[in-house]
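Below you'll find the structure, written out as structure tokens, and then a few comments.
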Amino acid sequence: MWGRAERAVRLLGRNLPSVLRMTGGVDPKISRRLCTKPQQDLQSKRRSASGVPGYKPTEWERKFLLWAGHYKKPEDIPETVSLDTVNAAKTTLRVKFSYVMMALTILGCIIMVVRGKEAVKRHESLTSINLEKKAQWKAEGASAKP
């Protein structure tokens, strides 16, 4: 079975653009060409006065560090922090944000169910509303014709 699949991939590979084609001699199962670290992360690392590699956070990243609970006050944040700390704060905030969005979604669903049940008690439905509008339009059209 694998022989047929490999043959099909080789045949289709001729028609693929060179960017999408696998390089020769590379096992397609363990191609790590796109898994390298971006150069900007390596360039953004700096050495602090103590010689420990550090990263100077932006104002937003400082806020993220506070909101994520890594530091209590803005004065507590050092001049340089590790890039891992900033990434951990961003990840924590992503998780918190997703929890808030899940809660809001569930709350919205509950509100829609309650409003739908109230509309049923008042005998309102989209069908009845549309029929009323069409009857009103028909009456307006009949009264407009002399």
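Could we say that Lys96 is loosely packed, with under 10 Cβ neighbours inside 10 Å and closer than 30 Å to Gly54 by Cβ here?
No; evaluated as a whole, the condition is false for this residue.
Of the residues Leu104, Leu93, only one is out of contact with any strand residue (DSSP E or B) (no Cβ under 8 Å at 6 or more places or on another chain) and closer than 20 Å to Gly69 by Cβ; which?
Leu93
Test each condition in (1) part of a helix (DSSP H, G or I); (2) at positive phi for Leu107 and report the one that comes out false.
Unmet for Leu107, out of (1) part of a helix (DSSP H, G or I); (2) at positive phi: (2).
Pick out, from region 1-102, the helices (runs of 4 or more DSSP H) lying fully within it that include 3 or more residues that are more than 21 Å from the chain's Cα centre (by Cα) and at pLDDT below 55.
39-44
The values are calculated or read from the model by the stated rules, or taken from the named source; none is laboratory data. As the structure is a prediction and not an experimental result, all values here were calculated from the model. A quick note on method: Cβ atoms are made from the backbone with ideal geometry, for glycine too, and the neighbour counts reach across all protein chains shown.
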